[in-house]
Amino acid sequence: MYKLNQKKMPIYEALNNYKSLRRVPFDVPGHKRGRANKELTEFLGLNCMSADVNSMKPLDNLCHPVSVIKEAEELAADAFGAKHAFFMVNGTTSAVQSMVMTACKRGDKIIMPRNVHRSAINALVVCGAVPVYVNPGVNKELGIPLGMSVKNVKQAILEHPEAKAILVNNPTYYGVCSPLKEIVKLAHKNGMLVLVDEAHGTHFYFNDSLPISAMAAGADMAAVSMHKTGGSLTQSSFLLINNEISSGYVRQIINLTQTTSGSYLLLSSLDMSRKNLALNGVDIFNTIIELADYSRKEINKLGGYYAFGKELINNDSVYDFDTTKLSVHTMNIGLAGIEVYDILRDDYNIQIEFGDIGNFLAIISVGDKALAIERLISSLAEIKRLYSKNKAGLFDHEYINPLAAMTPQKAFYSEKISIPINNSCGKISSEFVMCYPPGIPILAPGEYITKDILNYIAYAKEKGCFMTGTEDINIEKINVVSEFDSRKE
Amino acid sequence: MELWYTEEHSPNVRFSIKVNKHIYSAQSEYQRIDVMEAEEFGRFFTLDSLMMLTEKDEFIYHEMITHVPMAVNPNIKNVLVIGGGDGGTVRELTRYKQIENIELVEIDKLVVDVCKEYFKFTASCLKDKRVNIYYEDGLKYIRNKNNEYDLIIVDSTDPFGPGEGLFTKEFYGCCYRALNENGILVNQHESPYYKIYSDSLQSAHARLKAFFPITMLYQAHIPTYPSGYWLFGFSSKGLNPIKDFDAKRWNNLLIETKYYNTNLHVGCFQLPTYVNKLLENSYE
């Protein structure tokens, strides 16, 4: 049960009051409640434009909340079972970065699985912390990275007892959860903080049949993407803290990089979505779980496809599974996940979240209806009938263990040269290469470029994955650390 | 007191019927259902305030969606009707003795219940022994069918709302698979006149053409539908609606109709030039 009245929406209420005053605006934003650009106002609607206002006394200030934002933060903390909740308007990316920068200074070690989102490694480039990668297990049949096992985390702690923190995905993009409670126990025993990337786990806080949330597991910080599965506007997010973390210090860290013009559209969407989930989350996510379970069952009935679920749980690298994720393995119909993703969009007018080499992922959330699910399932039946082919020739890829030569920061800022990617084998990369989505780096700054990695990149490109990360927009050239700087290492 | 039912046939055109009595109104899981009575058209019902059928002119739609395919293949025995919860299409089908099985797949049970109560002139034949009713999404129902039906009739609402899935590429592909080698698919194909309807017509035609070797359209005059001019699609794996049609054979069945006849059968496939152009320029 909640301590506070979760029906309240302080930011929303303050905005409504403010709108009814019809105060004459001689402040920013310069569109003056939508009067500056008729075309824009017609497109977004007057309601939306009139709520796009600046920080001011009756509406509080995101950089230093003392009234309605403070109250909204308290309500959010209560809803998520955290000590404090920060409203984030620069995406979950900034929440992940604030976690890393709170826990680590330059040179500090942080234990993390390699299949983190680019935002985590970006944080290392910014603050100069040193990653200690834990090999996530791999499911060879599906070709997907899993979670961290207790054994591997123990080993990493033993080898790097001076590490300051452990970063955990809860869950991964595919829905895989690590033994979070166990990891928290281990970390705390060794004086390390536990930071949890819950970009794909907002719903864990509102339904007991889902995997355990970071706050419930006793973790110290969590980055929660309210906009991904919680229904708020794109780019809005929560940063949660727990235990002994100082909220004042975290606020300072957030303010290092977050905008001073926090959008009230984003803030009110967080406030209102928090209320919706606190009051209706159990029912909403029961429906979603039901829809996803139904989809898995129907897709598996089609044959060829494998929509995976809780059967992956092995009490080790797959400690739990988020059943709201509809991840489907496609290799057995002879198509790469990204090919099914493209056919669904181009031929069937269905946009899904992402496709990689062996799988695609559909997000099922608050907004979904059963009829749309039927369209997805029937389209998959048709794709199998019309396009399926022999599996031979499909790339059977496995997780590639990174070989780190230097820290991400050092590699990113070192003397570098741009060379054709095909000639880069054996060099140290100074930048990222990844498919986006999912945004998990194939190559991160400071890692050796190997033949396996180059083969993988070539294959992903050929299959039509959207590649990103390099300075060269065409991903034909790559920045590598110069010979001189490499030798110094 | 004056009571009028109004439907917007386009954003700038309204069609109104003077109503004597609003008999029934309810919101089902999928749509709002209203039953009204009018001097001019008798009893009628709407879904999400769009006209579905009236007592006076429903014969045109139901005869045309049924007798055209039935006259092309006299051996039709196994029929699937998707939508059509009012029972009008099934009523026309039950007049053929050779039909052995009629499956009616209607997503909204309330439509069938309301029609059984208020539209006995269309729904009474749903009691026929050959009829089996399934309350399910048509797209889901057909997904697992293979080489089963002689005829599929898509008697759906417009492609906005619960009927949306029945105008998609995946649906037509599943229909193709569900039909046997002489299979025919007939669908209500919207109006060519107002843009919002003709857009749907074009995309549906392009999608059907991608699967079926024969895709032709035929027309009827339906006073209470937008523009009063409506099209049906005839798609098949091989049977041609004119070359494989035998007028004498159908006339010998002695089925009495009010709109359909064997001369009109041939004529209804002769479309106006602007419609032919619309079809030539169809894209998804």
Task: Extended-chain gain in nm, criterion 0.36 nm per residue less alpha-carbon gap, B:N261 and B:I196 - done: 20.3 nm
Open item on the list: Counting only helical runs of four or more DSSP H residues, what would the 222 nm mean residue ellipticity of chain B come to if each run contributes -39,500 (n - 2.57) and the total is spread over all its residues?
Closed with: -8000 deg cm²/dmol
Task: Within chain A, helix-based [θ] at 222 nm, where runs of 4 or more DSSP H residues each add -39,500 (n - 2.57), nearest 500 - done: -12000 deg cm²/dmol
TODO: Kindly list the residues of the range A:83-113 that lie in the label zone of A:K189, defined by a backbone N under 19 Å from the point 7 Å along the Cα-to-C-beta vector.
DONE: A:111-112
TODO: Return a whole-number percent for the relative contact order of the range A:29-114, with Cα pairs under 8 Å and 6 or more residues apart as the contact set.
DONE: 13 percent
TODO: Any chance you could run the full-extension gain for A:L386 through A:E290? It's 0.36 nm times the residue separation minus the Cα-Cα distance, nm to one decimal.
DONE: 31.7 nm
Open item on the list: Between A:N474 and A:Q252, what's the calculated FRET efficiency when r is the beta-carbon distance and R0 is 30 Å? Round to 0.05.
Closed with: 0.15
Open item on the list: Excluding ligands, DNA and RNA, what is the accessible area buried between chains B and A, summed over both sides, using a 1.4 Å probe, to the nearest 100 Å²?
Closed with: 1400 Å²
Task: Within straight-line cross-link reach of A:K164, aspartates and glutamates at Cα separation under 14 Å, skipping those fewer than 8 residues along the same chain - done: A:D108, A:D220
Open item on the list: Can you bin every Cα-Cα distance in the range A:123-266 into 10 Å intervals starting at zero and give me the percent of pairs per bin, rounded to whole numbers?
Closed with: 10, 37, 38, 14, 2
Task: Interface residues in the range B:166-208 - accessible area drops by 40 Å² or more relative to the isolated chain, probe 1.4 Å - done: B:K169, B:E170, B:R177
Task: Euclidean distance of C-alpha centroids, the range B:127-193 and the range A:144-205, integer Å - done: 50 Å
Open item on the list: I'd like the isolated cysteines in chain A, meaning no second cysteine's beta-carbon lies under 4.7 angstrom from theirs.
Closed with: A:C48, A:C63, A:C104, A:C127, A:C177, A:C425
Open item on the list: To check you understand DSSP bridge types, tell me what percent of the beta bridges within chain B (both residues inside) are antiparallel, rounded to 5.
Closed with: 65 percent
Task: Label zone at A:K83 (point 7 Å along Cα-to-Cβ), backbone N below 20 Å, the range A:192-232 - done: A:192-198, A:213-224
Task: Estimated FRET transfer efficiency (B:K129, A:K7; beta-carbon r; R0 41 Å; 0.05) - done: 0.15
Task: Inter-probe distance in nm under a simple model that places probes 7 Å from Cα toward Cβ, at B:M1 and A:N401 - done: 8.2 nm
- [ ] May I ask you to give the solvent-accessible area per residue for the range B:3-54, in square angstrom, as obtained with a 1.4 angstrom probe?
- [x] 54 Å²
TODO: Of the listed pairs B:K18/B:K258; A:K228/A:K461; A:K427/A:K451, which have alpha-carbon separations greater than 18 Å here?
DONE: B:K18/B:K258; A:K228/A:K461
- [ ] Output the pairs from A:K325/A:K384; A:K151/A:K325; A:K3/A:K275 with a Cα-Cα distance over 18 Å in this structure; if there are none, say none.
- [x] A:K325/A:K384; A:K151/A:K325
TODO: Determine the percent antiparallel among the DSSP beta bridges restricted to the range A:156-310, to the nearest 5.
DONE: 30 percent
Open item on the list: Quick check: convex hull of the Cα atoms in chain B, volume per residue, rounded to a whole Å³?
Closed with: 121 Å³
TODO: Collect residues whose amide H, placed 1.01 Å from N in the peptide plane, falls under 5 Å from the amide H of B:I184; neighbours closer than 5 in sequence don't count.
DONE: B:L151, B:I152
Task: the range A:421-436 and the range A:348-420: distance between their alpha carbon centers, rounded to Å - done: 19 Å
- [ ] Mind grabbing the base-10 log of I(q)/I(0) for the protein assembly as shown at q = 0.06, 0.07 Å⁻¹? Debye formula, identical points on the C-alpha positions, no solvent, two decimal places.
- [x] -0.49, -0.65
Open item on the list: Tell me which chymotrypsin sites (Phe, Trp or Tyr not before Pro) from the range A:25-98 have a DSSP coil assignment and no more than 13 other beta carbons within 10 Å of their own.
Closed with: A:F26
- [ ] Can you tell me the relative contact order of the range B:58-280? Whole percent, Cα pairs under 8 Å, sequence separation 6 or more.
- [x] 21 percent
Task: DSSP-loop trypsin sites (Lys or Arg not before Pro) across the range B:41-127, with at most 12 other Cβ within 10 angstrom - done: B:K97
- [ ] Considering Cα pairs under 8 angstrom that are at least six residues apart, work out the relative contact order of the range A:281-387 and quote it in whole percent.
- [x] 26 percent
Task: HN-Hα J in Hz across the range B:134-150 - Karplus 6.51, -1.76, 1.60, θ = phi - 60°, x for Gly and Pro - done: 10, 9, 7, 5, x, 5, 6, 4, 7, 4, 9, 9, 9, 6, 10, 9, 7
Task: Global geometry of the range B:3-54, whether rounded, prolate or oblate, following the gyration tensor of its Cα atoms and the 1.5 cut on a/c - done: oblate
Open item on the list: For B:K129, give me every one of the aspartates and glutamates with a C-alpha distance below 12 angstrom, ignoring sequence neighbours fewer than eight places off in its own chain.
Closed with: B:E100, B:E103
TODO: Run down the lysines and flag those whose C-alpha is under 26 Å from the C-alpha of B:K277, throwing out any fewer than 8 positions away in its chain.
DONE: B:K169, B:K195, B:K209, B:K237, B:K243
Task: Nitroxide proxy distance, nm - points 7 Å out along Cα→Cβ at B:E136 and A:A36 - done: 5.7 nm
- [ ] Quantify, in whole percent, the carbon and sulfur part of the accessible surface of the protein assembly as shown (1.4 Å probe; protein heavy atoms only).
- [x] 50 percent
Task: A:H160-A:S261 FRET efficiency (beta carbon distance; Förster radius 51 Å; 0.05 resolution) - done: 0.80
- [ ] Would you please give the residues with an amide H less than 5 Å from that of A:N61, counting only those at least 5 places away or on a separate chain, with H modeled from the backbone geometry?
- [x] A:V66, A:S67, A:I69
Task: Fraction of antiparallel bridges per DSSP, chain A only, in percent to nearest 5 - done: 70 percent
TODO: Sticking with the crude label model, points 7 Å out along Cα→Cβ, report the distance from A:Q351 to B:V13 in nm, one decimal please.
DONE: 3.3 nm
Task: Minimum 50 Å² accessible area buried by the other protein chains, the range A:338-380 residues, probe 1.4 Å, relative to alone - done: A:L371, A:E374, A:R375, A:S378
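The values are calculated or read from the model by the stated rules, or taken from the named source; none is laboratory data. Remember, it's a predicted structure, so these values are computed and weren't measured experimentally. When we count neighbours, we look across all protein chains shown, and the Cβ atoms used for this are built from the backbone with ideal geometry, even at glycine. To get the accessible areas, we keep the full protein, side chains included, count just its heavy atoms, and leave off ligands, DNA and RNA. Shrake-Rupley method; radii C 1.70, N 1.55, O 1.52, S 1.80 Å.
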